[in-house]
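The structure appears right after this line, and notes come after that.
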Amino acid sequence: MPYKIDRAAVLGAGVMGATLAAHLANASIPTLLLDIVPPEGSGVEGDKSSREYRDAFARTGLANVLKTKPAAFYTKEKARLVTPGNIEDDLEQLKDVDWVLEAVTEKLKVKESLFSRIQPYLSDTAILTSNTSGLSVNDMAATLDDSLKRRFLVTHFFNPPRYMYLLELVPNDATDPALLEFMAKASEEILGKGVVMAKDTPNFIANRIGVFSMMVTLRMMVEGGYTVEEVDALTGPVIGRPKSASLRTADLVGLDTFAHASQTVYDAAPEDEQRDQFKLPDIIQRMVKEGFLGEKTGKGFYKKVKKDGKSEILTLDLGKFDYRPRERASFASVQMAKAIEDPAERIKAVVAGKDRGAEFVWRVLSEAMIYSANRLGEIADDIVQIDNAMKWGFNWAQGPFELWDALGVEDVAARLEKEGRAIPAVVREVLGSKSKRFYDQGDDSRRTFFMPGTGHQEMAQREAVIDLAQMKRANKVIKKNSGASLVDIGDGALCLEFHSKMNSIGGDILSMILAAVKEVEANHAALVIGNHGQNFSVGANIMLLLLEAQEGNWEDIDLMIKAFQRSTMALKYCKRPVVAAPFGMALGGGCEVCLGAGHIYASAETYIGLVELGVGLVPAGGGCKEMLLRQLEGKPRVEGADLFPFVRAAFETIGMATVATSAEEARQHRFLRRSDGISLNPQRLIHYAKAMALGLAASGYRPPDPTMEIPVVGESGVASIKTHLYMLKEGKFISEYDAYLAGELATILCGGRVAAGTMVSEQHILDLEREVFLRLCGQRKTQERIQHMLKKGKPLRN
């Protein structure tokens, strides 16, 4: 049966339903958003016969999601793809819909009633899915006719759908295997999700293990007398978990949500050997009963209050059941491990500690590892599904089986036996294997994973995913230094990978850029710039810059800027196509590398911008020049056309340190061109960038004309901008130093001391960038701004 997703409908316009509709719109899928007609007493006012009244719940859901932070839509314009309606008047429209996604309340009877209403309106090829987080897919399917059962499954998105990578697919016993295959492929390609196949068990995979881990954490906190601050200090980045750790996460999600998920397992999994762990400790039950649910009620484990006109975060004292000022949590085991960058080594160091912090971490992690091993075969067929679910759904740095390997399966088993704790059967089986690991490496450097009963087998290659780590294990590295590597990714393409701390750009990366251009021009067809780090690049190494400025090493700074400019120009005029693949943060110098590359294939979640003014500097790696050129690309080809609006647009983008909050928004700011690509799936990004680069190469690529000249507005443009800056300063909208910095930026973008209409070379603008940058480095207030950014992580307005 042919399946497709050209149009969709979301049933239920609550928080989850509305954000699901938003993400479908992000994927350019026109979506109908339906909810019930407001009943009597709902508080909705107006003419009850009007569509405004009858569609009010869906309209409100859409309006609310447009205001959410972080944003649910890539851009507000995407909201035009969502059409609000109601279930009474608009069921007829479902006949033209390819995918109906149900997202109503988590009650089986409610879902069954809704399904019975919509069945007559669905086409013979329409897909029906439920976004339930824990109800049985087979129980829900029981009321469907046989034809629709084959086209029904659970698509469990994690909240918020735009940002959470995981999607759990759960078929019912009658689901068409072709549909399951189609949904997995479409979810990865169209929606940009990481798909895991789960079984019809309570809470599926990620929530089953994640909620168990949370319950163990809460029980350990209560029984061990740990404070809220101590728990979050021990369950955050130090063990490869998000900064929100455990209890801050509980506040964000809602303690009632965790309580419901925990109760679901307790009720539906009577055979679970750890069933009692899913009972809430008394103190947590009290919090739920008295409304200490987290952000939704304004109080949970933490509470934000106003004191002396400033916000302050208080912490719940579990013993007194009252709030107090936050206290610093300190453990020797954590302090020693913090300096270790590798997450696996860091966790290993913590659990080897001897203090109560190490004891807490060991217990929480080991319980989750044992529980996951005992669930293998019950909630998922293999360890890869479980590990991916925890990494993609809960943002764990390692899945539980990867953690077994990181800590050493033999060492963990020996410690458990010493403590008198049972060893899972699959672990004993792994200990009998040659490698004594859950994951190993095959003869061709590909990863293998342990499958109970059969031993290690090769991991299936995920379609369109390029794994740089595997490429490096296979000795595909052509050149390497401390900051970057040049990797052969096949088919005549190379990948320039940054791997400095936070991928900040220093001399080692700049030298590797030049080496990469030389190598690709001599021996290869195309170059991609990409990596698997947390961010593409946070910019230049401003700590090094500050030290050089404080020492007065102006010649060294001048050489650094020239090297940066030489590198970005080499990318631009490379004889082979160069495609940058930014994701996460691509700020300052990271943005300039992308602009220099000329061609970009960006992750949808790319936060890109020239932010140098925030530290009292200007872009000097060609960023000013490239933004000016990108704006001028839109000018009319008419002699005497006014250039100033285009210069002003570049000035405002750089001067306001604008950061696009999605790749779609980056197009609006001209960081990306219309011809640049956007990938919703971050793990396919390098593959897509490679395909773009090789496509350009196959079509006879030629670099831009290096003799090009740029029309500038000259001194009259500088004067116009400075007049506006003076008015802003006098109105107290900007500081005197802000005005000075912006004036220097204007000098660059207007072409310096030349007449309006003068044609200048790219090098002329680059020289202005370098001169202004050097001048600003010598300013005390700029150095203060850099110091403040390094110390506080936010701009100083001095």
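The values are calculated or read from the model by the stated rules, or taken from the named source; none is laboratory data. From a predicted model like this one, the values you see are computed outputs, not experimental measurements. Virtual Cβ from ideal backbone geometry, glycine too; neighbours counted across all protein chains shown. Each accessible area value is taken on the protein alone, full model and side chains, heavy atoms only, with ligands, DNA and RNA left out. Shrake-Rupley method; radii C 1.70, N 1.55, O 1.52, S 1.80 Å.
Details
- Amide H contacts of residue 585: 536, 537, 607, each under 5 Å away and 5 or more positions distant or on a separate chain (H built 1.01 Å from N in the peptide plane; Pro and chain starts excluded).
- Sequence-ordered 3J(HN,Hα) estimates for the stretch 117-125 from the Karplus curve with 6.51, -1.76 and 1.60 and θ = phi - 60° stand at 6, 8, 3, x, 9, 7, 6, 5, 10 Hz, glycine and proline given as x.
- Rounded tilt (10° steps) of 554-572 against the dominant C-alpha axis of the chain: 70
- Long-range HN-HN contacts of residue 479 with modeled amide H, under 5 Å: 486
- Residue-wise HN-Hα coupling along the stretch 66-77, computed from phi with Karplus coefficients 6.51, -1.76, 1.60 (Hz; x: Gly, Pro): 5, 9, 5, 10, x, 5, 7, 8, 4, 9, 5, 4
- Volume of the Cα convex hull of the stretch 1-99, divided per residue and given in Å³: 103
- Extension gain for residue 112-residue 573 works out to 159.8 nm (0.36 nm per residue, less the C-alpha to C-alpha distance).
- The chain: angle of helix 644-655 to the longest principal axis, Cα-based, in degrees nearest 10: 50
- Each peptide in 276-287, 743-754, 587-598 receives the mean, over its residues, of other Cβ atoms within 10 Å, and ordering these scores from highest gives 587-598, 743-754, 276-287.
- Cα-Cα pairs of the stretch 381-535 separated by more than 27 Å (percent): 40
- Summing Cβ point charges (Lys, Arg +1; Asp, Glu -1) relative to the Cα centre of the stretch 231-279 gives a dipole of roughly 340 debye.
- Taking only Cα atoms of the stretch 150-218, radius of gyration then Dmax in Å: 13.2, 42
- For the stretch 172-266, alpha-carbon Rg and Dmax in angstrom: 17.1, 52
- In degrees, nearest ten, helix 177-189 long axis to first principal axis of the chain (Cα): 30
- Once the 1.4 Å probe is applied to the protein heavy atoms, the stretch 704-798 comes out at 53 Å² accessible per residue.
- Normalised contact order of the chain, rounded percent, pairs of Cα under 8 Å and 6 or more residues apart: 8
- The chain - percent of accessible surface contributed by carbon and sulfur, probe 1.4 Å: 51
- Computed Rg/Rh of the chain, alpha carbon atoms with Kirkwood Rh: 0.98
- Projected label points at residue 553 and residue 732, each 7 Å from Cα along the beta carbon direction, are separated by 4.3 nanometres.
- Annotation: amide H of residue 678 within the under-5 Å range of 602, sequence separation 5 or more or interchain, hydrogens built in the peptide plane.
- Sorting the Cα pairs of the stretch 515-669 by distance into bins of 10 Å, from 0 upward, gives 11, 36, 35, 16, 2, 0 percent per bin.
- Computed [θ] at 222 nm, deg cm²/dmol, the chain (DSSP H ≥ 4; -39,500 (n - 2.57); rounded to nearest 500): -13500 deg cm²/dmol
- For the stretch 705-777, a/c is not less than 1.5, where a ≥ b ≥ c are the root eigenvalues of the C-alpha gyration tensor, and a/b does not top b/c. That puts it in the oblate class.
- Spin-label model distance (nm) - residue 88 vs residue 707, 7 Å beyond Cα toward Cβ: 7.4
- About the centre of its Cα atoms, the chain shows a dipole size close to 1640 debye [charges on the beta carbon of Lys, Arg (+1) and Asp, Glu (-1) only; nearest 20 debye].
- Both radii were evaluated on the Cα set of the stretch 134-173; the Rg over Rh quotient, with Rh as the Kirkwood radius, amounts to 1.07.
- FRET efficiency for residue 441 and residue 49, using Cβ-Cβ distance with R0 set to 45 Å, rounded to 0.05: 0.10
- Karplus-derived 3J(HN,Hα) values for the stretch 766-778, using 6.51 cos²θ - 1.76 cosθ + 1.60 with θ = phi - 60°, are 4, 5, 5, 4, 5, 4, 5, 4, 4, 4, 5, 4, x Hz; glycine and proline are entered as x.
- If the segment from residue 146 to residue 521 were pulled out straight at 0.36 nm per residue, it would be longer than the present Cα-Cα gap by 129.0 nm.
- Counting only DSSP beta bridges with both residues in the chain, the antiparallel share comes to about 45 percent.
- Average Cα contact separation per residue, the stretch 528-668, under 8 Å, 6 or more apart, as relative contact order %: 24
- Dipole of the stretch 438-548, positive end: most advanced residue of 450, 484, 541 [Cβ charges, Cα centre]: 541
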